[in-house]
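This report concerns only the one structure given below.
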Amino acid sequence: CLFKPVHLRDFERILRRWVGFAPKGMDASSSKTHTPADWTGIQSVATRESGTGHQERPSPRYQADRERYDLSAALQALEGDEELLYSLFHIFNATGSDLINGMYQTIHLQNRQELQRLAHQMKGALSAVHAMHERKKAEELELTAVSATFSHLDSTVIELERMVKQLICEFDRLIALQGK
C-alpha cells in the first residue's frame, strides 16, 4: 500500500517544506508551540484546546455529509487537529484544479510519465485530506498512465475532475461553516 501512516509532527514538518505551511500556534522557524494566548485569526469552531487540554468533539452541525466526505475520519487521521485539516482544505482548494489542468495538458501532449507524476501528486493531496474514495481514482490513473489509451486516460481524468470539483465545493462549505 502506498498510503503510509505518519506522525502528526512529521506531517507538519513535511507540509512546511512542501508549501511553507505553518499551522496557527506553530512557529515555522522553531517548531515550538505557542500558548493559546498567542493565537490570532479565526477561532477554531469545535476543537480549540480548553484550559484543561481537553478537546471537544466536532459539533454535529459542522459534520460533512458522509457520502461526500467523512470529516470525522479525516479528523481522527490527524489526531483531532481541526486547524491542520482546514489548512489542508485551503491548500487542496488552491492546488487541485491546477493538477487537473496539468493532467489534461499532458494527455494532449501524450506525455505518460508526466501524467503519472501528476496523478501521483494528486493521490498524495487526496490522501492528505483523507479523501480515500477519490484517492483510489487518482491511484487508478497513476497505474494506467503507463499503458492505457489516451482516450481512456482522458475519461479517467474527466471523472477525477468531477470528484475533485465536488471535494472543493465540500471543503468550501466546511470552511464557511467553520467561520460561523
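Quick look at the numbers
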item: Residue list for region 93-118, restricted to those being within 22 Å of Asp172 (Cβ to Cβ), surrounded by 15 or more Cβ atoms within 10 Å (Cβ to Cβ) and among the hydrophobic types (A, V, I, L, M, F, W, C); result: Leu99, Ile100, Met103
item: The listed residue being under 19 Å from Asp70 (Cβ atoms), of a type outside the set (Val, Ile, Thr), modelled with pLDDT under 95 and in a helix (DSSP H, G or I), out of Leu126, Leu88, Leu177; result: Leu177
item: Conditions (1) at pLDDT 50 or above; (2) surrounded by 13 or more Cβ atoms within 10 Å (Cβ to Cβ); (3) not polar (S, T, N, Q): number failed by Arg48; result: (1)
item: Qualifying residue in region 124-141 (condition: more than 25 Å from Leu84 (Cβ to Cβ) and more than 13 Å from the chain's Cα centre (by Cα)); result: yes
item: Inter-residue pairs, beta-carbon under 7 Å, first over 12 Å from Glu139 (Cα atoms) and in region 100-122, second modelled with pLDDT of 95 or more and surrounded by fewer than 17 Cβ atoms within 10 Å (Cβ to Cβ), 6+ apart; result: Thr106/Glu114; Ile107/Phe150; Ile107/Asp154; Gln110/Phe150; Arg112/Val146
item: Condition broken by Ser147, with the remaining ones in (1) of a type in the set (S, T, N, Q); (2) free of Cβ contacts under 8 Å to residues at least 40 places away in the same chain; (3) part of a helix (DSSP H, G or I); (4) over 15 Å from Tyr104 (Cα atoms) satisfied; result: (3)
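The values are calculated or read from the model by the stated rules, or taken from the named source; none is laboratory data. Since we're looking at a predicted model, the values are computed, not measured. We place every Cβ from the backbone using ideal geometry, glycine too, and count neighbours over all the protein chains shown.
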